[in-house]
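Read through the structure below, which is laid out as structure tokens, and then see the notes.
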Amino acid sequence: MRTLKLKAPAKVNLYLQVLKRRPDGFHDIETIFEKIDLCDTITLKKLNTPGIELFCSAGLAQDNRNLAYQAAQAIFQNTGCEQGVELRITKRIPVAAGLGGGSSDAASVLLGLNRLFSFGLSKKQLAKLAEQLGADVPFFIFPGARAIGRGKGEDLTTLRLNKKYWYILVIPRPIKVSTRKMYQSLRIALTKRASRAKIVLQALKKSDLTSLNKNSYNSFESVLVKKYRQILVIKKALQSSGCAATLVSGSGPCVFGVTQTRKEAAEISKSLRAKSKNWQVITCKTFSSVKNM
Ligand code: ATP
């Protein structure tokens, strides 16, 4: 095998509570991750000469500032591999939106190179490399569509939930947020709130979107809403178009609405698109393919 084509799915956080700042500067969190079928595609091709050649769309860096490049470097270093690879990434996941695109690309490169060069690294070894690349990267190594993440997000527990949901993702194009800065703007009144992750899981199991809306939570949401009124405007637009549950993903600025059917999601998306040209609106559902693994 000389080439491999992989899908790198985005994620949403159906719950995200930042618990506390740790002495190492990271934060402990509790989150419910879900992969969605909005995917970047990555083609990996063996080269006859050593080195990493990266081609990436969306104007992103094509050198070691790109997380996918760093992933290739990490696995080559770890295995002592002196061969070469060409990586071609077609970005579809909006960048720096809270949808985990960079992390997912990095995880797919680790999984893909492990297969392409038959390195034989175990999931555990890949997860260790993933953790060094970023807190969200291990989730994308993880085979299931949903998991609870604890620690920095790398301590993962599978969620066996057959339910599929539809999502309306709304990305306010003018708003640019940096995850690092968002963490810095969280003040430590963080630990006081009791966890509602279990109630959210029950709501997801029972398709109870009203309970999901009431109990789901994202620590960054109030900070984002204070800073950018648009976030609240989007949430209200989703609600008035018929969305029972709305939330911010990751550290934002993507706001998403949840529905049970494709029809509802398509109608709500249409109504949101008509409301503002500055909103990128994407309809997608729970990710079901695990072919990368
Ligand atoms: P975070 O993991 O910081 O929460 P995110 O999910 O909000 O990120 P990403 O799309 O992963 O957003 O982008 C975060 C940053 O990483 C951007 O500033 C981007 O320039 C950089 N980056 C590096 N490599 C990639 C990549 N392959 N795809 C997307 N962004 C990348």
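Numerical summary
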| read-out | value |
| --- | --- |
| Cross-link reach list, lysines versus K128, counting only Cα pairs under 18 Å and skipping chain neighbours closer than eight places | K152 |
| Expected 222 nm ellipticity per residue - DSSP helices of 4 or more, -39500 (n - 2.57), all of the chain, to 500 | -10000 deg cm²/dmol |
| Inverse of mean 1/r across different Cα pairs in segment 98-238, Kirkwood, Å | 17.5 |
| Given charges at beta-carbon only (K, R positive; D, E negative), |dipole| of the chain in Debye | 960 |
| Cleavage-rule hits, trypsin sites (Lys or Arg not before Pro), segment 1-51, DSSP coil, Cβ neighbours within 10 Å at most 10 | R2 |
| Solvent-accessible area per residue for segment 159-293 (1.4 angstrom probe, square angstrom) | 55 |
| 20 Å Cα-Cα threshold exceeded, pairs from K176/K235; K5/K91; K5/K46; K214/K275; K181/K226 | K214/K275 |
| Selection of GluC sites (Glu not before Pro), segment 21-107, meeting DSSP coil and at most 14 other Cβ within 10 Å | E82 |
| Column: log10 I(q)/I(0), Debye, Cα scatterers of the chain, q = 0.10, 0.12, 0.15 Å⁻¹ | -0.52, -0.75, -1.15 |
| Neighbourhood net charge (14 Å Cβ-Cβ; Lys/Arg +1, Asp/Glu -1) for L126 | +2 |
| √(5λ) per eigenvalue of the Cα gyration tensor, segment 3-158, largest first, Å | 26, 17, 14 |
| Cα-centred dipole magnitude for segment 166-285, charges only on beta-carbon of K, R (+1) and D, E (-1), debye, nearest 20 | 320 |
| DSSP-defined beta bridges in the chain - what % are antiparallel, rounded to 5 | 90 |
| For I199, net neighbour charge (Lys/Arg +1, Asp/Glu -1) across residues whose Cβ lies under 12 Å away | +4 |
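The values are calculated or read from the model by the stated rules, or taken from the named source; none is laboratory data. From a predicted model like this one, the values you see are computed outputs, not experimental measurements. Cβ coordinates were reconstructed from backbone atoms using ideal geometry, including for glycine residues, and neighbour counts include every protein chain displayed. Side chains included, ligands, DNA and RNA excluded: accessible areas come from the protein's heavy atoms. Shrake-Rupley method; radii C 1.70, N 1.55, O 1.52, S 1.80 Å.
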